[in-house]
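Structure, as structure tokens:
The values are calculated or read from the model by the stated rules, or taken from the named source; none is laboratory data. These numbers come from a predicted model, not from an experiment. Here the Cβ positions follow ideal geometry from the backbone for every residue, glycine too, while neighbour counts run over all protein chains shown.
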Amino acid sequence: MHRDYFLYKCALHPRSTAVAIAIFCWLGFTGIAHSQTNPTSSAANVSCEIGLWKPSSIDQYPSKPFKNINGVDMTKGLGVTSPSLYNLAVKLGYFYWKQQYQPESDSRQDVSIRHLSVDAKYMIVNSPRINPFATYGLAFIWGKEVSLTQSDHSSFSYLATGFNVGAGLDLLLLRHVGIGLEYQYLYANLKKQVGQTDNYSGPKFSLKFLYIF
């Protein structure tokens, strides 16, 4: 009876179940991986980040990868990575993206998007100070439009399940402090149009500041 009820609840809430499984796996990696007296670039870490996400369908400067889209702020985000086990870790990430209204656009709204990802992180070279890696995983995307003619009473709605693939580099600077650079391609084909488009797929560059355990 209890098992059937649990399976029924999982079927009703597949996205919540996926996130719960990812968190459980991360905790498992944390418990299994042995602690290290001297932190390395592949140890568990928490991070904050700034970055550029450039959905290709609205990018006015596709030949300039570090020039942001008009009206778009830098992304801000947080992340947590488990210790590596057999060169593999679990990475949870969250960032916030916003585009303000542009006069040349047909859409008279500001657009805000929240992006939650669950990635596998494979350490290509597991060295004490420098660590190139590859990532791939799932993303859960929420968003909302804020009309310029009305006060903001809207709430974020779930828009899509996407995926990410990319690569990067973590560098240990001090005993517990490091930086990371990462490039990812984010596939984000939304269920409905938000702002100017329903396709927010495109590259994302990020600079991360790491606290390494």
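Points to keep in mind about this one:
- Filtered residue count, segment 57-98, keeping only those that are over 22 Å from Gln196 (Cβ atoms) and free of Cβ contacts under 8 Å to residues at least 24 places away in the same chain: 2
- Which listed residue, of Ser147, Ser155, is farther than 18 Å from Asn87 by Cβ and free of Cβ contacts under 8 Å to residues at least 12 places away in the same chain: Ser155
Per-residue answers, yes or no, for (1) surrounded by 18 or more Cβ atoms within 10 Å (Cβ to Cβ); (2) modelled with pLDDT under 90:
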{"residue": "Gln109", "(1), (2)": "yes, yes"}
{"residue": "Ser112", "(1), (2)": "yes, no"}
{"residue": "Ser127", "(1), (2)": "no, yes"}
{"residue": "Gly143", "(1), (2)": "yes, no"}
{"residue": "Leu148", "(1), (2)": "no, yes"}
{"residue": "Val177", "(1), (2)": "no, no"}
{"residue": "Gly180", "(1), (2)": "yes, no"}
{"residue": "Gly195", "(1), (2)": "yes, yes"}
{"residue": "Gly202", "(1), (2)": "yes, no"}
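- Any hit, segment 152-172, residues being of a type in the set (Asp, Glu), in contact with a helix residue (DSSP H, G or I) (Cβ under 9 Å, 6 or more places away or on another chain) and at pLDDT 90 or above: no
- Summed over segment 80-101, residues that are among the small types (Gly, Ala, Ser), touching a Phe, Trp or Tyr at 6+ places or on another chain (Cβ under 7 Å) and within 22 Å of Gly202 (Cβ to Cβ) total 0.
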